[in-house]
Amino acid sequence: MKLIGLVCLTMVAFAVNSILTRVGVNTYGMDPLTFAAIRVGAGALSLGFLVIIQGQSPLESIRNRWKGALALTTYMIGFSIAYLSLGVGMGALILFGLLQIMMFGWAIFQGQTVSNMRWAGAVFALIGLVILLWPSELEVVPLAGTLAMIAATVGWTVYTILGQALRDPLQATAGHFILCFPMVAVFLVFTSGDLPLGGIVSALCAGAVTSGFGYALWYRVLPQLPTTIAAVAQLSVPVFAVGGGVVFLAEPLTLRLLVAGLLVLGGIAVATIQSVPVGRK
């Protein structure tokens, strides 16, 4: 039960990340790349501070962390560029849908057994996700934005898979954020330079709290999760984000959202509450 609670807490942190990004970028008009740079910088500072409190050196945390840092940078930059032209709903569909394909594919490639219940649960959750996020009006899907989101999904998939082999989540996440910051900051030359106060506050909160601690917590639970469960669990993030939008941003609650949310969460339950373990063939 403790593991389930930690996974749920992590997914809520990811959802709050999404809400803070919408507030900073959509409400206050901050450039997505600027938001990402401030977010990563704040995460690096908060995580580095925690590493120091534990009596360790932040410089030690960056040793052999380049793979994770590059994967995190690919996700941050790809997501930010996609946000410039791709609708939020369609972007989330590409991200979470492709994430399932890649992580289930990786599990099969690794020789992990995926039960029929897990396949069924994933399919039900994906159907719910499509209902939840499909645009109400027909929209043109821009190629550049789509490719950027695909790159972001590859980055996040690699970042997640790398986390399954780590045993020092806080130090690893700190190292990734510290190394990621200068790589993301380079892209600030392509931004407008506008720094609305509301956007800055949203980015700082997203970086220092929900990204920094949320990602460290994700790395804390990943070694205990089968790859496919780690994939399916993340389908709950859009549901929590939509729920947060209803509660905190006064967005309308519709029957479509309720049905879709129940499908997603029910599918996740079907995929996770089953007795067939995931192991090597």
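The values are calculated or read from the model by the stated rules, or taken from the named source; none is laboratory data. Everything quoted here is computed from the prediction, not taken from an experiment. Here the Cβ positions follow ideal geometry from the backbone for every residue, glycine too, while neighbour counts run over all protein chains shown.
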Subject >> Candidate set: the range 1-18, residues that are at pLDDT 90 or above and over 11 Å from the mean Cα position of the chain (by Cα); chosen: the one surrounded by the most Cβ atoms within 10 Å (Cβ to Cβ) >> reply: Val7
**OP:** Could you please find all residues in the range 257-270 being among the small types (Gly, Ala, Ser), buried (at least 18 other Cβ atoms within 10 Å of the Cβ) and closer than 8 Å to Phe124 by Cβ?
**Re:** Gly267
Original post:
How about the range 121-152: which of its residues are in a helix (DSSP H, G or I), of a type outside the set (Gly, Ala, Ser) and closer than 26 Å to Val259 by Cβ?
Top reply: Val123, Phe124, Leu126, Ile127, Leu129, Val130, Ile131, Leu132, Leu133, Met149
Subject >> Every residue from the range 187-235 that is among the hydroxyl-bearing types (Ser, Thr, Tyr) and more than 22 Å from Thr157 (Cα to Cα) >> reply: Thr191, Ser192, Ser202
Original post:
Which helices (runs of 4 or more DSSP H) sit wholly inside the range 191-281 and have at least 3 residues that are within 27 Å of Val51 (Cα to Cα) and in contact with a Leu (Cβ under 6 Å, 6 or more places away or on another chain)?
Top reply: 212-221
Original post:
When Met30 is evaluated against the numbered criteria (1) in a helix (DSSP H, G or I); (2) buried (at least 21 other Cβ atoms within 10 Å of the Cβ), which criterion, by number, is the only one it fails?
Top reply: (1)
